[in-house]
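**Q** Can you read through this structure? Questions will come right after.
The values are calculated or read from the model by the stated rules, or taken from the named source; none is laboratory data. Treat the numbers as computed from the prediction; the structure is a model and nothing was measured. Using ideal geometry, Cβ is built from the backbone for each residue, glycine included, and neighbour counts are taken over all protein chains shown.
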Amino acid sequence: MYSVNQADRTAAIALASSTFDHNNQTLHDHEIVSGIDSALTKHIALLVYKAQSEELDNKRKVSDVDKHLFGGSAEDPGRVVPDLVNSKGIESVVEEISSTCEVIEAIYRCSADSVAASFARVGSELLPLIIQITNHEVRRRRDFAPDSTTEIGAPPEAREIVLKNTTKIIGHFARVGGLTQILAYHPGLLACLRRIIACPLGLLPRECRLNALWVTANLACNQENMVMMACHPGLIETLVIPAFRSIEDEEENIGDIEAYIEAIRSRDIAVRAIFNLSWEPQNKLLLSEHLNLVEALLKTLMYRKSSWGGFGRGVSGILLQSRRHASSALRNISEAPKRNKQILCMANGGTLLDKVAAAATNDPDNDVREKAIATLNNLACSATADEFVKRSSLLDTLTDTALAEVKKGEETGTALHALRILEKSVPTDMANYALLKPYLDQVTAAKERVRFQVSS
């Protein structure tokens, strides 16, 4: 592993790959104890240095071509430039980096405790190298596809493997709760994840984007990270990209089941990240002002069935999980200050109230229905009462739920609380009170029946 000779390095990594590519966690723990992580960190550092040297050497060659053959002009139509992308020297090192990243990913299939111990030993050296490798490949691809009219050729398999495994390695670190704050505050990591998530579809391996989303969602679980991550430049807007995608409208043209699964999983993980960030009280105001984010959550909330269901790939389960995340995020965000509640309720003609009420009535999942009712309860206030009262279907939903709460003896039920807020918020001498009163009367009558049954 410490050899500088390329043939020896390649042979050593091939042997390591055959030795460590397994899923026996206990055995991986022993491998970490043996110090293989330290050896691989030194090895990948050498390879990164060699890759940089190869690139600098090629750039000097380009400069020499310009200077000696074309007088330094880059505009000459006959200009011949060495092919940097397909340089044999660079691609040879990329192959080595690819194989090494595969081995590093394999050994980190160990227990979370072993990952933590390894990170304490080599993380400060290994993580920057992994970020550097990932950034380099992502930027290379974006440079070769600067707009939608420029297609990038199929990248070599080694480069695909590099991106899949570097993001997996970061994912292994992110599954350790004690490392999530360290990772989130590590220079350049969030920017790297954001860059991956924001890449145009098809530019990166599907697994790479899913890994980056998963890591982001996990980092957002740590309360110490929530405010910082919500304020990180462009991160919220980047999460909205996969969450806002109109997958339900693309079903017929989306291509194949693998592409569809990637789309719904990307949305699910992005919404989970938003949900995690929404727990922090300081973030509720910030997130509630992102109307595209709220619209993305509503899209997810209303997406219950798919024509891709029934293929044995768990489509219904993913959609259910997404709706639970979306309804939970909406419940949290709806706890924003009164002014923001009013903005949310009035945006797009009150779409939020209509869709949340529909979810509270029609979603087949009890958890989603409960979160939708909780969202309506949070939004109910003096500033939004008029928007509530003029929607008979919404009042039907609250009343039906309140009647069920009364029947169960839940005097402090969520729907009952929402109706009490509306009752206090709408003056009895206003026309809107006449719209609300029949619903209040139903609940009052139900309470009287329950009291009578108890007393008798």
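**Q** Please go through (1) more than 25 Å from GLU250 (Cα to Cα); (2) assigned to a loop (DSSP other than H, G, I, E, B) for ALA357 and return the number of the only condition it doesn't satisfy.
**A** (2)
**Q** Quick one: SER322 ticks every box in (1) of a type in the set (S, T, N, Q); (2) in contact (Cβ under 8 Å) with a residue 24 or more places away in the chain; (3) surrounded by fewer than 17 Cβ atoms within 10 Å (Cβ to Cβ) except a single one, so which number is it?
**A** Status for SER322: all satisfied but (3).
**Q** Then there's this: Looking only at residues in the range 230-247 that are small (Gly, Ala, Ser) and at pLDDT 95 or above, which one is surrounded by the fewest Cβ atoms within 10 Å (Cβ to Cβ)?
**A** GLY234
**Q** Another question, then. Scan the range 151-178 and report the pairs whose first residue is assigned to a loop (DSSP other than H, G, I, E, B) and among the aromatic types (Phe, Trp, Tyr) and whose second residue is at pLDDT 95 or above and crowded, with 22+ Cβ neighbours inside 10 Å, with Cβ atoms within less than 7 Å and a gap of 6+ or a chain change.
**A** Hits for this filter: zero, empty list.
**Q** Would you confirm whether any residue within the range 77-99 is crowded, with 19+ Cβ neighbours inside 10 Å, outside any helix (DSSP H, G or I), at pLDDT 90 or above and out of contact with any Phe, Trp or Tyr (no Cβ under 8 Å at 6 or more places or on another chain)?
**A** no
**Q** Next question, about the same structure. Give me the residue from the range 334-374 that is within 26 Å of the chain's Cα centre (by Cα) and hydroxyl-bearing (Ser, Thr, Tyr) and, out of that set, surrounded by the fewest Cβ atoms within 10 Å (Cβ to Cβ).
**A** Among them, the one singled out is THR351.
**Q** Applying the selection to the range 300-315, what residues are more than 16 Å from VAL271 (Cβ to Cβ) and either loosely packed, with under 15 Cβ neighbours inside 10 Å or of a type in the set (Phe, Trp, Tyr) (or both)?
**A** LYS305, SER307, TRP308, GLY309, GLY310, PHE311, GLY312, GLY314
**Q** Under the condition of being over 31 Å from the mean Cα position of the chain (by Cα) and part of a helix (DSSP H, G or I), which residue from the range 375-389 is surrounded by the fewest Cβ atoms within 10 Å (Cβ to Cβ)?
**A** ASP386
**Q** Restricting to the range 410-438, count the residues that are more than 16 Å from ILE373 (Cα to Cα) and either free of Cβ contacts under 8 Å to residues at least 24 places away in the same chain or assigned to a helix (DSSP H, G or I) (or both).
**A** Selection size over the range 410-438: 15.
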